[in-house]
Amino acid sequence: MDKNKGHAGFFNQCLALIKRSSLNMFRDLGYYWLRLGIYIALALSLGTVFYDFGTSYASIKDRGSLLSYISGFLTFMSIGGFPSFVEDMKVFQRERQNGHYGVVAYVIGNTFSSVPFILVISIIPTAITYYLCGLQKGYEHFFFFACVLFSSLLLVESLMMIVSSIVPNFLMGIVTGVGIQGVMMLVGGFFKLPHDIPNIFWKYPFHYVAFHTYVTEGLFKNEYEGLRFDNPNVQGVNRYITGEVVLTDIWQIDMNYSKYVDLAILLGMIVLYRVLFLFIIKGRE
């Protein structure tokens, strides 16, 4: 009987792993329910602190602060799932040694089992924050916002899976993940504007390697493009400043490509991180 299970087909292996991993996530109080509760609480906090932006000149800074908090801290919190990743890796190593399933099936099962949960913690907090704060109206803008948040959360989970495969120690893994995320946030383009980041080492390559760069660009383009803000420094018919000017002159956002390119880069990074994770655990066998 065990032998038959060990030689199950690839498709059946994937389905079994997706089902088991999804059930474990759902039952894990810390991984699933606590994180969902914290994300909802943070969304309500953001929605009340930044309630109803409007289009005043001051709202330009407030919008940037909100979007950067979301692209930085909300994704940063995904590190909290690291203990579950470590335990999952231990189970994988034991079952892999017994020949129950292959590395590719494990990576696929792990990826697809986490997608529904990440969708939930992307859509619900996004809806709360988006409409309380009065971000740019339109289903297309809301959907893009949720897609970028979903991609960034899945990216962080992919990154932490890589860390858990290299640094199995819980404390060292948390510190390593925090350090990597901290550097990415630092050069993501908000705390230090892109044109002011030192070219050697920090801008090339780290600014372009950090996924926060594309999260920030995508969210900022999605929010500012098409808006007009009051400019108290100018009187008359030209007293407004457009969102496009804000993006280029204030936030120094690269406008040579659309926000959908930023999203495509994030999706490509997800695939790259998962493939890298696959090669690491395959190489460790």
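The values are calculated or read from the model by the stated rules, or taken from the named source; none is laboratory data. Just so you know, these numbers come straight off a predicted model, no measurement behind them. Cβ atoms come from the backbone with ideal geometry, glycine included; neighbour counts cover every protein chain shown. For the accessible areas, the whole protein counts, side chains as well, though only heavy atoms, and no ligand, DNA or RNA atoms are used. Shrake-Rupley method; radii C 1.70, N 1.55, O 1.52, S 1.80 Å.
Descriptive notes on the structure:
- Among the residues of segment 192-207, those identified as closer than 26 Å to residue 270 by Cβ and loosely packed, with under 12 Cβ neighbours inside 10 Å are 201, 205.
- Residue in segment 208-231 that is open to solvent by 40 Å² or more (accessible area, probe 1.4 Å), under 28 Å from residue 182 (Cβ atoms) and not acidic (Asp, Glu) present: yes
- When segment 134-178 is limited to residues that are farther than 24 Å from residue 209 by Cβ, free of Cβ contacts under 8 Å to residues at least 12 places away in the same chain and not in a helix (DSSP H, G or I), the one that is most open to solvent (accessible area, probe 1.4 Å) turns out to be 137.
- Candidate set: segment 117-129, residues that are open to solvent by less than 10 Å² (accessible area, probe 1.4 Å) and under 9 Å from residue 43 (Cα atoms); chosen: the one modelled with the highest pLDDT: 129
- Count of residues meeting criterion [at pLDDT below 85 and of a type in the set (A, V, I, L, M)] in segment 1-33: 4
- Checking residue 118 against (1) in contact with a strand residue (DSSP E or B) (Cβ under 6 Å, 6 or more places away or on another chain); (2) within 29 Å of residue 165 (Cβ to Cβ), the condition it does not meet: (1)
- Top-ranked residue in segment 243-285 [being of a type in the set (Phe, Trp, Tyr) and exposed (fewer than 15 other Cβ atoms within 10 Å of the Cβ); ranked as nearest to residue 75 (Cα to Cα)]: 260
- Reported count of residues in segment 8-31, each being more than 20 Å from residue 96 (Cα to Cα), open to solvent by 80 Å² or more (accessible area, probe 1.4 Å) and aromatic (Phe, Trp, Tyr), is 1.
- Residue match in segment 76-92 (condition: free of Cβ contacts under 8 Å to residues at least 60 places away in the same chain and either closer than 23 Å to residue 183 by Cα or assigned to a loop (DSSP other than H, G, I, E, B) (or both)): yes
- Within segment 230-254, tally of residues that are of a type in the set (A, V, I, L, M, F, W, C) and in contact with a Leu (Cβ under 6 Å, 6 or more places away or on another chain): 1
- Residue selected from segment 77-116 under the condition of a type in the set (Phe, Trp, Tyr) and surrounded by 19 or more Cβ atoms within 10 Å (Cβ to Cβ), by the criterion nearest to the chain's Cα centre (by Cα): 82
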